[in-house]
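Accompanying notes for the structure given below.
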Amino acid sequence: MTAEPNIFLILLVIIPLMAAPICVLTRNANVAWSISMAVAWAVLGIAIKLVMELSAHDKVLYYRIGGWDAPWGIEYALDKVGGLVILVVASIGALTLTYAKRSVEKEITSERIYLFYAMLMLCISGLLGIAITGDAFNLFVFMEISSLSSYVLISLGKDKRALTSAFNYLIMGTIGATFYIIGVGMMYMMTGTLNIADLSSILPAVADTRTILVALAFLTVGISLKLALFPLHMWLPGAYAFAPSVVTIFLAATATKVSLYVLIRIFFTMFGRIDVFETFPLQPVLFGMALAAMFIASLAAIWQQNIKRMLAYSSIAQVGYMVLGIAIATEAGLTGGIIHIFNHALIKGSMFMAVGAMAFGLGVTTINDMAGIGRRMPLVMAAFVVGGLGLIGIPLTVGFVSKWALVSAALDAEMWPLAALILLSSLLAVIYVWRVVEVAYMRPSPENAKQPVQVPFSMLAPMWVLALASVWFGANATFTMDLAHSAAGHLMEGF
Amino acid sequence: MFEIHAGLFNYWAAIALMMVGFYIVIAQGNLIKKIVGLNIFQVAVFVFYISMGKIDGGTAPILGEGIKVYSNPLPHVLILTAIVVGVATTALALALVVRINRSYGTIEEREIIEINHAADHDEDTRL
């Protein structure tokens, strides 16, 4: 732990955090957007630099707040799995802000736009903070920064149902976060430390106590709420369906992924030197919830009319796949779970961007509104289809890479039924994606159909960047697979 | 026996408050009451943390003559942070309730769900 402190770790959090109050002070939508845009791309630059450093030298990057040594001071530590998460958050953040300007002008009242950007900056800062902090309590603070700002972002939706969705999310999210601090408190009682690396080395000595068992239960349930793991997903469909398009894009591609990262940290770093899956009956519980998510949420998606709600249910199902990968608890399974964090962010980001563009062009909210849209907005619908193919897991898309990794992990662990269920649940994705495709391409446009408003390039470009990235990383998965694989290897060894 | 029941009084109180608060959040239909429940739930955790740091006969953690036994200040400081987060959450929740009341004309969960279902139904059946 005598490594050179890396100043960029703290900058990653500080820059967007400082940008938020500056956005509020400007009181001007365009200035606030320009500042946020510059910050988001700068953050992406720093994230790429850090990830390059991580893959070049096989080590963990550190920063100590105020120069205090861990475990007395708060330490920031970034390893490969954290690196992958900051890469996802920063790139989705930069693309979302590029996309945001025109979409937000249409969907949010003009005098509130500068506040919207302030909240988005806070949310980015919180999510990045979760991924780089090495302190269990600091993680709670960042979790609340990102959650509180996302409640506000969701409530900015035009529909009044956005308000009740935000309220429900607030109640559930706060319960989740409070469960998390109860768990952290119990661990602190037994170990006297909050530093994650320190916890990892002290916990084995007290692992047999009931306090630690209860702590693990609180941590798991609390984070599962934030993660929207079935059956704790009730807040998610409403929140995604009625939030402004930009907010849905950003949260769908990042927020649940970052919570998944926290779950990985708990199981494989804090409890990394205890075999949690052997000692505690975690595996059957997680398998049950993940499989239920994959099937029940996919079935629910088939019955939705609201297009954003359909994709939201699909997200719950995809969270199921990620948790399944973690619960297999082998290096291969963990690799599958981690790679799906990245891949699903690309897929859902591009699909929600396409839906946002349809809402911009034609005011689409339900699948019925999409009749004949394949001819009226061909470029946008094509991006949606590319994303849809990824959800199903067609070869040459990122979805295939994830499913391949998960299925082969299940086979390696000699869990044949699991592999079969993964493939079977993919068929449900075929149904809900096909429903949309059929309406968009086969059903004629209504007779009094409006001509769509021209969708600006600033919205089309980020959408196609993500859609093409989902094909590129599907055909050429070496970089992401290597990163996920060595991240998983690192986690299995313990911190 | 005395140790378990009286010695751990604070923890019993924290658990009781936690359950009371949690029950209110789940069982009450009024949104303001839900927020009250959430607050009680959070306060229970504050009590839990503060009790954890307290040592019998311990003073405040000050460097000085004759001070040998002192309470652990860290959980107390942590809870200051958690209180701030709790205040922010409550403020935001109350602001949302004000806006919900303006758009729905009610803050009873049952009525809100009915209005939402009607809106969902309209959307689903629109062609």
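The values are calculated or read from the model by the stated rules, or taken from the named source; none is laboratory data. Since we're looking at a predicted model, the values are computed, not measured. In this analysis, Cβ positions are derived from the backbone assuming ideal geometry, glycine residues included, and neighbour counts consider all displayed protein chains. These accessible areas exclude ligands, DNA and RNA; they are computed on the full protein's heavy atoms, side chains included. Shrake-Rupley method; radii C 1.70, N 1.55, O 1.52, S 1.80 Å.
Looking at segment B:110-127, which of its residues are open to solvent by 40 Å² or more (accessible area, probe 1.4 Å), at the interface with chain A (Cβ under 9 Å from one of its Cβ atoms) and in a helix (DSSP H, G or I)?
Answer for segment B:110-127, where residues must be open to solvent by 40 Å² or more (accessible area, probe 1.4 Å), at the interface with chain A (Cβ under 9 Å from one of its Cβ atoms) and in a helix (DSSP H, G or I): B:Ile113, B:Ile115, B:Asp124, B:Thr125.
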Out of segment A:266-284, which residues are in a helix (DSSP H, G or I) and open to solvent by 10 Å² or more (accessible area, probe 1.4 Å)? A:Phe268, A:Phe277, A:Glu278, A:Thr279, A:Leu282, A:Gln283, A:Pro284
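Kindly indicate which of A:Thr365, A:Thr330 is under 29 Å from A:Ala162 (Cβ atoms), open to solvent by 30 Å² or more (accessible area, probe 1.4 Å) and either free of Cβ contacts under 8 Å to residues at least 24 places away in the same chain or hydroxyl-bearing (Ser, Thr, Tyr) (or both).
Numbers: A:Thr330 fails: under 29 Å from A:Ala162 (Cβ atoms).
Only one candidate qualifies: A:Thr365.
Yes/no per residue for (1) within 11 Å of chain A (Cβ to nearest Cβ); (2) without any contact (Cβ under 8 Å) to a residue 60 or more places away in the chain; (3) under 17 Å from A:Val152 (Cα atoms):
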| position | (1), (2), (3) |
| --- | --- |
| B:Val43 | yes, yes, no |
| B:Phe48 | yes, yes, no |
| B:Met52 | yes, yes, no |
| B:Ile62 | no, yes, no |
| B:Val84 | yes, yes, no |
| B:Leu92 | yes, yes, yes |
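Within segment B:26-59, can you find the residues that are within 16 Å of the chain's Cα centre (by Cα) and closer than 15 Å to A:Ile182 by Cβ?
Within segment B:26-59, B:Leu38, B:Ile40, B:Phe41, B:Gln42, B:Val43, B:Ala44, B:Val45, B:Phe46, B:Val47, B:Phe48, B:Tyr49, B:Ile50 meet the criteria.
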Being modelled with pLDDT of 95 or more, surrounded by fewer than 24 Cβ atoms within 10 Å (Cβ to Cβ) and either away from chain B (no Cβ under 14 Å) or in a helix (DSSP H, G or I) (or both) is the requirement here; does A:Ser149 meet it? yes
Among the residues of segment A:351-367, are any away from chain B (no Cβ under 14 Å) and in a loop (DSSP other than H, G, I, E, B)? no
Could you check how many residues of segment A:415-442 are among the charged types (D, E, K, R) and at pLDDT below 90? 0
Let me confirm something: among A:Pro417, A:Pro456, which residue is open to solvent by 60 Å² or more (accessible area, probe 1.4 Å) and over 23 Å from the mean Cα position of the chain (by Cα)? A:Pro417
For the subset of segment A:38-59 comprising residues that are open to solvent by 40 Å² or more (accessible area, probe 1.4 Å) and hydrophobic (A, V, I, L, M, F, W, C), which member is modelled with the lowest pLDDT? A:Ala56
Failed criterion for B:Val36 (all others in (1) at pLDDT 95 or above; (2) open to solvent by 50 Å² or more (accessible area, probe 1.4 Å); (3) within 9 Å of chain A (Cβ to nearest Cβ) hold): (3)
